[in-house]
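Values in this text are rule-based calculations from the coordinates and carry no lab data. Please read these numbers as outputs of a predicted model, since none were measured by experiment. For neighbour counting, all protein chains shown are included, and Cβ atoms are generated from backbone atoms with ideal geometry for every residue, glycine included.
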Amino acid sequence: MLLRFDLLGPLSVSRDGHPVDLGSVKQRLLLALLLTRPGEAVPTDDLVTVLWGDQPPASAGANIRTYVRGLRQAIDRDGRIVTTAGGYLLRVEPDERDLDHFDAAVARGRTALTSGDPVQAEAELAQALALWRGPALAGLPLPRPLSRWVGQLAERRLLAEEDHAGTQLALGAAAQVIPRLRALLERHPLRQRAWAHLMTGLYHSGDVAGATAAFRQARQVLAEETGMDPGPELTRLHDDILHHRFPPPAAPAPTATRTRPAQLPLTTPDFVGRREHLARLDAVVGHPSGGPTSVVVTVVCGMAGVGKTTLALHWAHRVADRFPDGQLHVNLRGYDECEAVSPADALLGLLEALDVPLARIPSSLHARTGLYRSLLADREMLIVLDNARDADQVRPLLPGAGRCAVVVTSRDQLSTLVAAEGARLLTLDVLTDTESTHLLRSRVDGSRLDAEPAAVAEMIETAGRLPLALSIVAARVATRPTFPLEAVVAELRAPENRLAVLADGDVRRVFSWSYEALSPDAARLFRLLGLHPGPELSGSAAAALLGWPRVAVAPVLQELTRLHLLTEHRPDRYAFHDLLRSYAAELAQADEPVGQRWAAHRRLYDHYLHSAEPAGRLVQPQWPSVTALPALPGNVHVPMADQDAALAWFTAERHVLLRVVRQASATGFDAYAWRLAWALTTFLAPRGLWQDQLAAQQAALESAERLDDLEAQATANRLLGRAAYRLGEHDTAGDRLQRAITLYDKLGDQGGLAQTLHNYTEHCFVLGRRDEALTHAHEALRLYRLAGNRAGEGRALNAIGYIHAVQGNHRQAIADCTEALAQQRLIDDRNGQAATLDSLGFAYHGLGEYQSAVTCYEQSIELFRDSADRYHQAETLTRLGETRAAMDDLDGAAAAWRLAAAIYDDLGDPAAEGARRRLAEVQRSG
């Protein structure tokens, strides 16, 4: 099947010579954008911009999928349109676009001209121009990104027309050229090369007066439109005509001598890493034999000190030889202490570098931009625009046509430049550990680093792998040759001291340039973010810090991420670099009054507590709630629709909540700390995350004791004790559980006492004190019944049954567990049912009734999985494997143990080794 995509005129597609119906206007626009970037993944956001601008409908994503489906039905019989992560890609074979034929013919024509073959050059250029059926994409309502692309194509067409006119003049066909040149200049009166061709054609046809009149007309147009006189080539040609020096026919002169600027600044000799980023930049210039085939703009963005300029200049020096017309560089000072360079001033320097006399540079920005683009239209140059503040500063400095590559560095993402001008975004992150080590080695004696590997690792960690910070640390080490590395690391260890230690390299000052560029609201949020413990936060947490509605904080967060003071590394999840966090914390301490800091912390803890408590009740509905703390009115809380939503929220916030509990305890918000720890434990315990539970409850206990709150102390002691015995810390577990028993007894809380006795039953059982465990289990059952806690009653009956099974009294165990299961089914305690079915399976296994055991285990596993209780799911899988092995079902046993090991590995639980050992044994015996 032969496909042909025609863009040089109305958009059309043909298959085997027959036209293809491309559907609606929006469907055609979508295809047009894909055709402008053949073989390149086009993000859905770019498609939305092209189809609806900045006001997309709510159904935009679904509409795009419909248009793609329509295009696939029309042209995609062999999988041309590929769905990629976040967008679509159109595979186009070589020479399937008329644009590719045009470019190839123009290139052949110019090569023939350079080789002294004007006949071949004229034929090739005529063939190229014949492909045009009108303006590119004629008839489509072009949004800005496509309009700019079409404008660049129009410039390439005009250059080809001028080349073609020059070849015809060289072949003596002046009479044919003159009418076409007049028509061209009527549409584009500022093209001095076309005026030169027209004057030459008129002169060679014997119309000297017409040639001089054409010069006067050109001079008048240029003066009116740009405020400039004709350029030296046009002026020289006019002088030759006046003096009848019979200039030769004006064929294009691609090898004419021009000023070749080489403005790239010196770059560091010890550049390290960034291979992936260099490869993506290399893709800009294509094959080593040549540069880009059109103007390509790349934006290198990232936080302050991450090495954007270093990368851009290192790459620019590497590929400078691929740009025969030279390199331009300008530091736009977008985030320096000095005032940012205006586009007009930047153009003044660029035009001077292009050999335009100062007296001939127009005064207006518009005229300077026009002249700059005219001079670059047929050049192959590399342009580095360093330290840009925003897209408006950059836009006038972009070429309109030619074969130039532009690299822009900025702390801003310059998203409008990406959307409107088709710039490619290259986001720079901190270095990897390996790259960080290489950077240190490039500046510090390797033997010193080899002697203290632990200090080197901590040095890299405390510098946050930020190139600027690492360079300062390396300089600090190099200038102290007798100091052990550990001494330098010790200076950096405390987060509050790091910026002071790095002051020699002005890290704080570099950060301040980004901070000072913020709006007042964004600056305040940045300061308040220094109060958040990390390691990341949601938009809702940011809103709580400010005391704003969630929707109002979105543009402020966008401003911070655009300037790389925050990174949105997942949807609505924002991360700080550690040094930026320290800087924000300094600013909060200095600029936010104590009362405002206290209020912000309270709103933050209130946000997390009153999001976590409802989530905890959904995750563990059978757990008795603790005494509530009233929520702050109007504060932002995350609504929890169901258990799945609660689990997803806990999963996202787990590490944050651990830090929040510790910080709330350390900052005097004790009432929040212990309640948050309780809510978090509803998520941690079923997953066997005992180390996290232990840490949270230790902070909770400290807060509870400061409050002298007996309920808080009893809760924290009980949950701490449970985590301790799961971690094998049996003395601590016994002490904490005994203390909880005493406190609940003092409070007269029968439900809390029963629950603690239930936990103490497990503790005694683990230590082999089974008779004592059975006694405590019966007491827990009595108290649960007195308290009317049916869920607890079922779980106590299950514990009694399981102990009987372990003691060999399997029939009694089945009776106890059957009673427990009936109770749990009545109240729909699904997690309790899972535990009881596990005990029943164990009892049936003990009786040799293996099929009944398997049935119970499989039901238990399904219920544990449904309630996201992965730790107990793995325990039951382990026992299921033992029953399968007893039935000589070795494949079934292996499958159960393999899955158990995988779950334990995910949880970081050492029980994974036992599961793998069983798996290895069954595989050997099989």
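How big is the C-alpha Rg of the range 509-592 next to the rule-of-thumb value 2.2 N^0.38 Å, as a ratio?
0.96
Computed over neighbours whose Cβ is under 10 Å from that of Leu71, the net charge equals +3, Lys and Arg +1, Asp and Glu -1.
For Arg424, the residues whose amide H sits under 5 Å from its own are Val297, Thr298, Val299, ignoring neighbours fewer than 5 places away on the same chain, with H placed 1.01 Å from N.
With a Förster radius of 51 Å applied to the beta-carbon distance between Asp103 and Arg493, the computed FRET efficiency rounds to 0.30. Ranked for footprinting exposure by Cβ neighbours inside 10 Å, fewest first, Arg687, Arg476 give Arg476, Arg687.
Considering helices alone, the calculated mean residue ellipticity of the chain at 222 nm is -20500 deg cm²/dmol, with DSSP H runs of length four and up weighted by -39500 (n - 2.57) and normalised per residue.
This ranking places Cys764, Cys817 by how few other beta-carbon atoms lie within 10 Å of each, fewest first, which gives Cys764, Cys817.
Rounded to the nearest whole angstrom, the semi-axes of the ellipsoid equivalent to the range 40-80, taken from the Cα gyration tensor as √(5λ), stand at 21, 12, 7, largest first. The charge dipole of the chain, taken about its Cα centre with unit charges on the Cβ of Lys, Arg, Asp and Glu (plus for the first two, minus for the last two), comes to roughly 1380 debye. Note: relative contact order over the chain, using C-alpha pairs below 8 Å and six or more positions apart, is 6 percent.
By definition, a body whose alpha carbon gyration tensor gives a ≥ b ≥ c is prolate when a/c is 1.5 or more and a/b is larger than b/c, and the range 168-229 fits this prolate description.
Could you tell me the convex hull volume per residue, in Å³, taken over the Cα atoms of the range 734-790? Provide the component values of the computation, followed by the final result.
On the way: hull volume 3.5 nm³, N = 57.
Expressed per residue, the convex hull around the Cα atoms of the range 734-790 is 61 Å³.
Please work out, to two decimal places, the log10 of the ratio I(q)/I(0) at q = 0.06, 0.09 Å⁻¹ from a Debye calculation in which every Cα of the chain carries one identical scatterer. Here log10 of I(q) over I(0) equals -0.62, -1.07. In terms of the Cα gyration tensor, with a ≥ b ≥ c the square roots of its eigenvalues, is the range 809-926 rounded because a/c is under 1.5, prolate because a/b exceeds b/c, or oblate? Here the range 809-926 falls in the oblate category. Is the shape of the range 652-742 best called rounded, prolate or oblate, per the rule: a/c under 1.5 gives rounded, else a/b larger than b/c gives prolate, else oblate, with a ≥ b ≥ c the square roots of the Cα gyration tensor eigenvalues? In terms of gyration-tensor shape, oblate. Size of the dipole of the range 837-926 about the Cα centre, Lys and Arg at +1 and Asp and Glu at -1 on the beta carbon, nothing else charged, in debye to 20? Dipole about the Cα centre, nearest 20: 240 debye. If you take all C-alpha pairs in the range 872-926, what percent of them are over 17 Å apart? The proportion of pairs with Cα distances above 17 Å equals 24 percent.
Alpha-carbon geometry of the range 275-427: the Rg and the Dmax are 14.6, 45 Å, given in that order. Computed over the range 771-834, the alpha-carbon pair-distance distribution with 10 angstrom bins reads 26, 54, 20, 0, each value a whole percent.
Charged neighbours of Arg97, selected by a Cβ distance under 13 Å, balance to -3 (K, R count +1; D, E count -1). Of all DSSP beta bridges confined to the chain, the antiparallel ones make up roughly 45%. Other residues within the sphere of radius under 15 Å centred on the Cβ of Tyr605, judged by their own Cβ, net out at +2 (K and R +1, D and E -1). Calculation over all alpha carbon pairs of the range 799-848 in 10 angstrom steps from 0 returns a P(r) of 33, 53, 14, 0 percent. Protection proxy ranking for 713-719, 703-709, using the average of other Cβ atoms within 10 Å per residue and placing the highest first: 713-719, 703-709.
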